[in-house]
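A quick write-up on the structure given underneath.
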């Protein structure tokens, strides 16, 4: 498997240039030299420590021994180094030992960790989300009890949602919480618990959805509980083992070094638990963690795509096959000389840059929703975040699978052979469109909750902001930038027209509208990607005024130009798919009669 080198230059370009102009009170890490130092150190750790363990974890996998999950060789030591480097504390509150880095910087770091070793890094993804939930909904006593050691990395966190009968329908949950003195006892089984057990942390803080005895039916009767692997006293010291048991670990298509556990609560006397947040308010609290996770899963799509691209590019430089198609070179050539391989690589590169910029732009909106200077800007940032999160989660993860598949294709027959490592990226990528809400659920969320906000005006307002950026390209008078701007504006207008028709369809027939939800999200992703590439291109153009020979900046413009002439062009036909899909399926799969 090829080495991984963190794309620091592009991440820093996005962090500095492709974001809202709104002022942020959390500007402690805005110094360019400091950001560069942070990412250079992260890149070294990812390349030297995490990346070499990626294929080892895939081959060795995990084991369940006497009720304890054992991680693959090298993982425990890597995690120790991760903690010692201070990386576990980047997102936590300073009050409890964190560094409070802005979420777009955290997002850039998360991309690097997951590209280097996604199975390993899922641990911190879930822990970051759990920390955010406890910070938002925990009592001060709970925060003092759990957060310092979670932020330090000594303890990890998980999300326990679904059960065998429930799947994504959390209204069907049966796990129960019985009052016990001032706290509760938990009983029930949970499935698909990522890093539900492992031997890297001394304790695991499980956030568990369950029902109280007086709970109403359905999703309104769900509460959220903290139930750690090892019971914690008031001073934050771990005591005896809690009544939580690993029933089994799943055998999966990919992410083989990430323990996906079935957990049983309360086999004996009941698992000790504390209510977090309000009674019957568990879904509201858990969605804080889920939305954090959905954004980070979108970033995982960027990560796996970048890893697959680097591997495919390096392979194409060394693999000798065939002759130059125009005779410009003698003898056998490296396959990167072939136009179709160049097309595949450029397709991968342009999609990745669009994904990265869109996901980190969204992470910045998350930060602004908390730290913008004015309440008006906070509200707007929250609206942007709500709109963009399902798009980032679904579109970036679908792109991740597509790009990993293209990476296998660049390798040819060697890509289908496990030894090259290209197949692992494809297998690891395939879970991303499924977990944290399948991409079909994300598409319905976009249609039902986000597109309908203020009768579609939130969506229109965002499109208006996109047009302003695209119009800046027209003002440059540079031929390629003008073409980028014109095509992006045309696409935005088409998307607005499509959204109007889809909203009207939703009002008349929710079933018909839902049939087009996924292609509509795809259309949004591709066109939002084109907008963010145009935004990147105009920033690169402005920076080139100081250095016309800067290859990186010139490449940014060329990559955006490729994107709007290929990926954007193909996405324009999706309008007809969005509007007409119901005509092709409802008559065949009519389940109403």
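Derivation of every value follows stated rules applied to the coordinates shown; laboratory data play no part. Quick caveat, the model's predicted, so the values are computed rather than measured. Heads up, the Cβs are rebuilt from the backbone with ideal geometry, glycines too, and the neighbour counts pull from every protein chain shown.
Report the extension gain between residue 583 and residue 235 in nm, rounded to one decimal, defined as 0.36 nm multiplied by the number of residues separating them, less their alpha carbon distance.
Additional length available on full extension: 119.1 nm.
Within the stretch 430-468, name every residue whose backbone N is under 19 Å away from a label modeled 7 Å from Cα of residue 378 along the Cβ vector.
Flagged as within label range: none.
Residue 5 versus residue 434, label points 7 Å from Cα toward the beta carbon: distance in nm?
It works out to 3.4 nm between the two label points.
Using a/c under 1.5 as the rounded threshold, could you call the stretch 122-260 rounded, prolate or oblate? The axes a ≥ b ≥ c are square roots of the C-alpha gyration tensor eigenvalues, and prolate needs a/b larger than b/c, oblate otherwise. Could you put the intermediate results ahead of the total?
Numbers: a/c = 1.60, a/b = 1.04, b/c = 1.53.
Since a/c reaches 1.5 but b/c is at least a/b, the shape of the stretch 122-260 is classed as oblate.
Ranked from highest to lowest mean number of other Cβ atoms within 10 Å per residue, what is the order of the peptides 539-550, 557-568?
557-568, 539-550
Mind giving me the FRET efficiency for residue 165 and residue 55? R0 is 22 Å, r the Cβ-Cβ distance, nearest 0.05 is fine. Intermediate results must be reported in sequence, preceding the final value.
Details: r = 37 Å, r/R0 = 1.67.
Plugging the Cβ-Cβ distance into 1/(1 + (r/R0)^6) gives 0.05.
Hey, for a label at residue 486 modelled as a point 7 Å past Cα toward Cβ, could you say which residues of the stretch 548-573 have their backbone N under 20 Å away?
Label zone hits: 557-573.
Between residue 507 and residue 214, what is 0.36 nm times their sequence separation minus the Cα-Cα distance? Round to one decimal in nm.
The span from residue 507 to residue 214 would gain 101.9 nm if fully extended.
Taking the simple approach of a point 7 Å from Cα along Cα-to-Cβ for both residue 543 and residue 461, what is their distance in nm?
In this crude label model, residue 543 to residue 461 measures out at 3.0 nm.
When DSSP assigns beta bridges and you keep just the ones with both residues in the chain, what percent turn out antiparallel, to the nearest 5?
So the antiparallel bridges in the chain amount to around 85 percent.
Mind checking the full-extension length gain between residue 550 and residue 416? Use 0.36 nm per residue of separation minus the Cα-Cα distance, one decimal, nm.
44.5 nm
Once you have the Kirkwood Rh of the stretch 78-153 from its Cα pairs, apply Stokes-Einstein at 25 °C and 0.890 mPa s and quote D in µm²/s.
The estimated diffusion coefficient comes to 196 µm²/s.
Mind giving me the nanometre distance, one decimal, between the label points for residue 94 and residue 278, set 7 Å out from Cα along Cα→Cβ?
If labels sit at residue 94 and residue 278, their model points lie 3.2 nm apart.
What FRET efficiency comes out for residue 317 versus residue 497 if R0 is 35 angstrom and r is the Cβ-Cβ distance? Round to the nearest 0.05. Provide the component values of the computation, followed by the final result.
Working: r = 44 Å, r/R0 = 1.25.
It comes out at approximately 0.20.
From the square roots a ≥ b ≥ c of the eigenvalues of the alpha-carbon gyration tensor of the stretch 98-200, which class results: rounded (a/c under 1.5), prolate (a/b over b/c), or oblate?
Verdict is oblate for the stretch 98-200.
Which of (1) 27.3; (2) 25.7; (3) 24.9 is the computed Kirkwood radius over Cα pairs in Å for the structure on display?
The listed entry that was calculated here is (3).
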